Amino acid sequence: MPDEPLISLRKSIRQNIKTVMDFIDHNYLTRENDKTVKPDSLICMFCGSVGPITKEHILPRWTFQNDTERFFNITLNGQSQTYNKSTIPACAKCNSVLLNYLERKIQVLFTTADPKNVEFTSQDAQNIIRWLEIIDYKFHIMNISNRFLNLKNANHIPYLKNLPLYMLLPNKDYSPSRVLTEIRKILYRLSIKDKKLSLNSLVIFKTSNKSDHFFHTLNDFIFLELAKYGIAIFYFYSKSFKNSEMAYKAAMKIVKEVY
């Protein structure tokens, strides 16, 4: 049976990519007299509709057990940001109906998974990939909409204060045109149904750790350790592997470096 909400989400994204990208270009990248323009009214960053606009959490609240004090660090400038306040604009339908439908499916998968042998069907694994790709896109939007902030007690850098974090990412050398190209590619990826070619890039394993862990690099990889479900997930967004064993070894190498 087709997942109608997921079909609707992919269709809405595919049909409105230009609207979303034009909004990003005008509101976050365009500069007049070396200053950013005043933003227009917000739109849904998935379907481009103008309202009513709600706040879509970058990470679903259940992944951090609704703890409003939990936070992550933005490596670029050392700023911390709570998960609970990390949101992007989304219309009520995309947020409460379409995206929520997928999140509930994922939550059920994790809740009912065999704690002794964490395995998922191909279709379920593809939905997990879909979910992780949406999270990556939301982080892209956060980085393009957030401005550079200086560290407390650090030297003030006037020129950087108006630049999106996205354009200051290390080792990226992003120009406005490259930023648009990158985000357009990430957004288009969400409209693709078949994720079979990415299955070997998804690593899921048991964990007995009692605390949650998370790290993420744009369009590179994401790691989520969900203590409540006894599950850890690592996904490579842009790297493919011949088999899952190779992906597991690559993932564990990164996890050991970060921990």
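The values are calculated or read from the model by the stated rules, or taken from the named source; none is laboratory data. All values reported here derive from a predicted model rather than from experimental measurement. Virtual Cβ from ideal backbone geometry, glycine too; neighbours counted across all protein chains shown.
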Practice problem: Look at ILE141 and say whether it is loosely packed, with under 15 Cβ neighbours inside 10 Å, under 28 Å from TYR28 (Cβ atoms), aliphatic (A, V, I, L, M) and at pLDDT 80 or above. | Solution: no
Quiz item: Any chance the stretch 219-236 includes a residue that's more than 28 Å from ILE141 (Cβ to Cβ) and either in a loop (DSSP other than H, G, I, E, B) or of a type in the set (A, V, I, L, M, F, W, C) (or both)?
Solution: yes
Exercise. Please state which one of TYR237, TYR229 is aromatic (Phe, Trp, Tyr), within 21 Å of the chain's Cα centre (by Cα) and at pLDDT 95 or above.
Key: TYR237
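Go through the stretch 220-229 residue by residue and tally those that are of a type outside the set (Val, Ile, Thr) and buried (at least 19 other Cβ atoms within 10 Å of the Cβ). If you could, list the steps in order and put the result at the bottom.
Going residue by residue through the stretch 220-229, those that are of a type outside the set (Val, Ile, Thr) are 220-221, 223-229.
Restricting the remaining residues to those that are buried (at least 19 other Cβ atoms within 10 Å of the Cβ) gives 221, 223-226, 229.
The total comes to 6.
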Quiz prompt | Pairs with Cβ under 8 Å, 6+ apart, first in the stretch 3-19 and touching a residue at least 60 places away in the same chain (Cβ under 8 Å), second buried (at least 17 other Cβ atoms within 10 Å of the Cβ) and not in a helix (DSSP H, G or I) | solution = LEU9/PHE46; LEU9/LEU190; ARG10/LEU190; SER12/PHE46; SER12/CYS47; ILE13/PHE46; ILE13/CYS47; ILE13/LEU190
Self-check item: Complete set of residues in the stretch 190-213 that are farther than 30 Å from GLU4 by Cβ and touching a Lys or Arg at 6+ places or on another chain (Cβ under 9 Å)
Solution: LYS206, ASP212
Quiz item: Give me the pairs: first residue in the stretch 21-45 and at pLDDT below 70, second residue part of a loop (DSSP other than H, G, I, E, B), beta-carbon distance under 7 Å, and six or more apart or on different chains, which are they?
Solution: VAL37/THR30
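Residue by residue, here is whether (1) over 27 Å from ILE144 (Cα atoms); (2) modelled with pLDDT under 95; (3) surrounded by 15 or more Cβ atoms within 10 Å (Cβ to Cβ) holds:
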| residue | (1), (2), (3) |
| --- | --- |
| LEU169 | no, yes, yes |
| TYR174 | no, yes, yes |
| GLU182 | no, yes, yes |
| TYR188 | no, no, no |
| LYS195 | no, no, yes |
| LEU202 | no, no, yes |
| ASN209 | yes, yes, no |
| HIS213 | no, yes, yes |
Quiz item: Out of all the residues in the stretch 88-98, is one or more closer than 22 Å to THR217 by Cβ and either within 18 Å of the chain's Cα centre (by Cα) or at pLDDT below 95 (or both)?
Solution: yes
Quiz prompt | Matching option when the condition is in contact with a Leu (Cβ under 9 Å, 6 or more places away or on another chain) and among the basic types (Lys, Arg), among LYS242, LYS206, LYS193 | solution = LYS193
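Looking at the stretch 214-240, which of its residues are free of Cβ contacts under 8 Å to residues at least 24 places away in the same chain and of a type outside the set (Asp, Glu)?
Correct list: THR217, ALA227, SER238.
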Self-check item: Pair list, Cβ < 6 Å and 6+ apart or interchain, from the stretch 195-213 residues that are over 19 Å from GLU119 (Cβ atoms) to residues that are surrounded by fewer than 18 Cβ atoms within 10 Å (Cβ to Cβ)
Solution: ASN209/ALA227; LYS210/ALA227; SER211/ALA227; ASP212/ALA227
